[in-house]
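The values are calculated or read from the model by the stated rules, or taken from the named source; none is laboratory data. Since the structure is predicted, the reported quantities are computational estimates derived from the model, not experimental observations. Reconstructed Cβ throughout: ideal geometry from the backbone, glycine too, with neighbour counts over all protein chains shown.
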Amino acid sequence: MDNNKAGTMFGAIVVTVNQAEEVRDFYKQVIGWDHIEMNKGDYTDYRMTTSDGQPVAGVHHQAGIFANVPSVWISTFFVSDLRASLETCKKLGGKVLMEPMNFEKNSGAVIEYPVGAICGLCQM
């Protein structure tokens, strides 16, 4: 099975908040997650993991590229052409909340549907 097929969901969800440490600690206690620190220069974001180290979520500061991203859990979906998907989003009345950025092995962006729902898009 191709796990990175266009239209399928990316493996982890992300929340962007002003108080990342508090949110990290909350979910560590409520769900039992652990974390890995991701140094971003002026601040640290967190990759939340299961007790055996499997990544399950991200907790990011509402800063830098994430400054305009709402404080909600964001599901991300694979697309075959990120730039084309963003252009289509705008043509259909949606907004791009986070412009494309390159991550470890992919590039991603965050969009908002015309009535307010948001999601991430990822191109491998």
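Select from the range 53-105 the residues that are among the β-branched types (Val, Ile, Thr) and in a helix (DSSP H, G or I) and list them in ascending order. Result: 65, 88. For the range 30-39, the condition of being touching a Pro at 6+ places or on another chain (Cβ under 7 Å), without any contact (Cβ under 8 Å) to a residue 60 or more places away in the chain and over 17 Å from residue 124 (Cβ atoms) holds for none of the residues. Considering the range 31-45, the residues that are closer than 21 Å to residue 75 by Cβ and not in a strand (DSSP E or B) include one that is modelled with the highest pLDDT, namely 33. Among the residues making up the range 24-54, a single one is of a type in the set (A, V, I, L, M) and loosely packed, with under 10 Cβ neighbours inside 10 Å: 30.
Pairs are defined by a Cβ separation below 6 Å, a sequence spacing of at least 6 or placement on different chains, a first member in the range 78-100 that is in the same structural domain as residue 110 (by TED's automatic domain parsing) and surrounded by fewer than 17 Cβ atoms within 10 Å (Cβ to Cβ), and a second member that is in a strand (DSSP E or B) and among the charged types (D, E, K, R); the pairs so defined are 95/112. In this structure, residue 103 does satisfy being surrounded by fewer than 16 Cβ atoms within 10 Å (Cβ to Cβ) and either without any contact (Cβ under 8 Å) to a residue 60 or more places away in the chain or outside the structural domain of residue 13 (by TED's automatic domain parsing) (or both).
Please find, within the range 1-30, the residue that is modelled with the highest pLDDT out of those that are closer than 30 Å to residue 81 by Cα and among the charged types (D, E, K, R).
Applying the first criterion (closer than 30 Å to residue 81 by Cα) to the range 1-30 yields 1-17.
Narrowing further to those that are among the charged types (D, E, K, R): 2, 5.
Details: 2: 50, 5: 74.
Applying the filter and picking the extreme gives 5.
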